[in-house]
Each structure stands twice: as C-alpha cells, then as structure tokens.
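Colleague: Sharing a structure with you now.
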Amino acid sequence: GENVEQHPSTLSVQEGDSAVIKCTYSDSASNYFPWYKQELGKRPQLIIDIRSNVGEKKDQRIAVTLNKTAKHFSLHITETQPEDSAVYFCAASQGGTSYGKLTFGQGTILTVHP
Amino acid sequence: NAGVTQTPKFQVLKTGQSMTLQCAQDMNHNSMYWYRQDPGMGLRLIYYSASEGTTDKGEVPNGYNVSRLNKREFSLRLESAAPSQTSVYFCASSPTEGREQYFGPGTRLTVT
C-alpha cells in the first residue's frame, strides 16, 4: 500500500518568515495530494490540494509543489503569522483500485513566534 | 448546513464493552470515511464507503465494523473494546472518491 513520510516533525519560525514542509510518497499511481491544518482540539481542515497533472498551486500565502518523478510534494507558507501555528498533515490518494483512500503523513507541528 | 456531525463527543468504556459511533453528513456526499488519530501517528483509515451500499477496509480495520445505513449516515462499531482502541475517531465525507474530504468534530474514546 501507499506510504507517506513527512518532515520535519516540528518546525519553529519567527513571524514573517517562510515555512516549508515536505512529504514523500511511495505509490506512483497516487494522483491527489491534499494538505490539512489541525488546530489543537479541532478537526483537520483542508487548506490546499494538488492533483498530479499540476506542478504547483497557490492560494494567497500558501503554495504546494509536486514533483511526480521524485514522488515528493511540499507545502510553502510565506509571511507566517501566529495564527498559522497548528499541526499540518500531508496526504496522498492511493491510485488504482484503492482510488479515494487517503494515506496521511505523521504531521508537522508548526509554531510561529511573534 | 451542519456539515459532518459525530456523536458522542466523549466516551469512556471498560474493556470488553461495545459501542457504536455515529456519523452523519448533510452535504449529499457519496463517500464517507472513518479514521483514528493517535499521537505521532497521523490519521489512519479504518474503513470507508465509496457509495451507499458499499464498504471497504482501510489500513487498520481489525476490531471494528461499519454500516453505511443510508447516504447520510455511516456508523462505526466496536464489538469488544480494548485499551489499544483508545484514540480520537474522526468521520469524514467527500463528494466522491478522490475529492476533498470534510471532517467531523471527532469522538474522544478512552478504553480502561
């Protein structure tokens, strides 16, 4: 099955800096890669996603890049703010007959210091 | 729209007891999912239902059963709870397979 590795497990930045979180996946048939943000005690919420026919996608301060050849994708947050502090999860949708199942990375705890 | 709702919010069980976690969505989504979240492990898929009338095992199905009661509701049953099932359980739904998933608020389950 699919395996998703996420790094780093913790990330601490100063307000205004950029933050980058990286994920690798194992199943070359995976074709959908969402990123979720989870605040303490809350549900995961989708912040951005990308499909395998696109190399990069941006939404204001957030961007995701995908390298299908290397099987890795990254989340970029620019001009970080304290309210960006949360746990971020990447995921990959397994392809083939398992289409639709998401395999999640282990999560990155992002702390933005004012 | 309430989105995805789950009941109960909290539950404490003794080893060997059974219970059913309820999930409902009002977004007319076809696919529904059950995950468990443990510290340092991310979210792991227990079972999913691609559409009404179908269910399939995920990564960690042992000790659980599911029922897709209708398009709106997808329940998760623990027949004989074990301490290893102490976790936070999230239900999610999506318009169809391979689309964005929307999560419920979660159920925090403790098995003693």
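Colleague: Below 8 Å, C-alpha to C-alpha, sequence gap of six or more: please give me the relative contact order for chain B in percent. Don't jump to the answer; show the numbers that get you there.
Modeller: On the way: 299 pairs, mean separation 40.1, N = 112.
About 36 percent, as a whole number.
Colleague: Still on this structure, please answer the following. So for region B:21-96, considering every pair of alpha-carbon atoms, how many percent are separated by more than 21 Å?
Modeller: 21 percent
Colleague: Using a Cα-Cα cut-off of under 23 Å, which lysines could be cross-linked to A:Lys71, ignoring same-chain neighbours fewer than 8 residues away?
Modeller: Straight-line reach from A:Lys71, under 23 Å: A:Lys22, A:Lys37, A:Lys57, A:Lys58, A:Lys101.
Colleague: Looking at region A:1-93, which trypsin sites (Lys or Arg not before Pro) are in a loop (DSSP not H, G, I, E or B) and have at most 16 other Cβ atoms within 10 Å?
Modeller: In loop regions of region A:1-93 (DSSP not H, G, I, E or B), the sparsely surrounded trypsin sites (Lys or Arg not before Pro) are A:Lys42, A:Arg61, A:Lys68, A:Lys71.
Colleague: Add +1 for every Lys or Arg and -1 for every Asp or Glu among the other residues with Cβ under 14 Å from the Cβ of A:Val112, and state the total.
Modeller: Working: positive: A:Lys37, A:Arg61; negative: A:Glu15, A:Asp17, A:Glu39, A:Glu79, A:Glu83, A:Asp84.
Combined, the nearby Lys, Arg, Asp and Glu give -4.
Colleague: Give the cross-link partners of B:Lys14 among the aspartates and glutamates, using a straight C-alpha distance below 17 Å as the criterion and excluding same-chain residues fewer than 8 apart.
Modeller: List returned: B:Glu79.
Colleague: Give the A-B buried accessible area in Å², both sides summed, 1.4 Å probe, nearest 100.
Modeller: 1600 Å²
Colleague: Further question: For chain A, calculate the relative contact order in percent as a whole number, restricting contacts to Cα pairs under 8 Å that are 6 or more residues apart.
Modeller: Relative contact order of chain A: 37 percent.
Colleague: Looking at region A:30-112, which GluC sites (Glu not before Pro) are in a loop (DSSP not H, G, I, E or B) and have at most 13 other Cβ atoms within 10 Å?
Modeller: Counting only loop positions with at most 13 other Cβ atoms within 10 Å, the GluC sites (Glu not before Pro) in region A:30-112 are A:Glu39, A:Glu79.
Colleague: What number comes out for accessible area per residue over region B:49-112 if the probe is 1.4 Å? Units Å², please.
Modeller: Details: 2810 Å² over 64 residues.
Heavy-atom accessible area per residue stands at 44 Å².
Colleague: Same structure, new question: What do you get for Rg/Rh of chain A when both radii come from the Cα atoms and Rh is the Kirkwood radius?
Modeller: Ratio of gyration radius to Kirkwood radius for chain A: 0.97.
Colleague: Determine which aspartates and glutamates satisfy two conditions relative to A:Lys42: a Cα distance under 19 Å, and not lying fewer than 8 residues away in the same chain.
Modeller: Partners within reach: A:Glu83, A:Asp84, B:Asp38, B:Glu100.
Colleague: Send over a whole-number figure in Å² for the accessible area per residue of region A:5-90, probe 1.4 Å. Before the final figure, lay out each step's value.
Modeller: Values: 4500 Å² over 86 residues.
Normalised by residue count, the accessible surface of region A:5-90 is 52 Å².
Colleague: Any residues in region A:51-91 that have 20 Å² or more less accessible area with all protein chains than in their chain alone, probe 1.4 Å, and which are they?
Modeller: A:Arg51, A:Phe89
Colleague: Could you work out the per residue convex hull volume over the alpha carbons of the protein assembly as shown, in cubic angstrom? Present the calculation step by step, with values, prior to reporting the outcome.
Modeller: Values: hull volume 26.8 nm³, N = 226.
Enclosed volume per residue, from the Cα hull, is 119 Å³.
Colleague: Here's a follow-up. What does the charge count near B:Gln22 come to, summing +1 for each Lys or Arg and -1 for each Asp or Glu among other residues with Cβ under 13 Å from its Cβ?
Modeller: Neighbour charge sum, excluding B:Gln22 itself: +3.
The values are calculated or read from the model by the stated rules, or taken from the named source; none is laboratory data. Remember, predicted model here, so these are calculated numbers, not experimental data. Here Cβ is always computed from backbone atoms with ideal geometry, including for glycine, and neighbour counts include all displayed protein chains. To get the accessible areas, we keep the full protein, side chains included, count just its heavy atoms, and leave off ligands, DNA and RNA. Shrake-Rupley method; radii C 1.70, N 1.55, O 1.52, S 1.80 Å.
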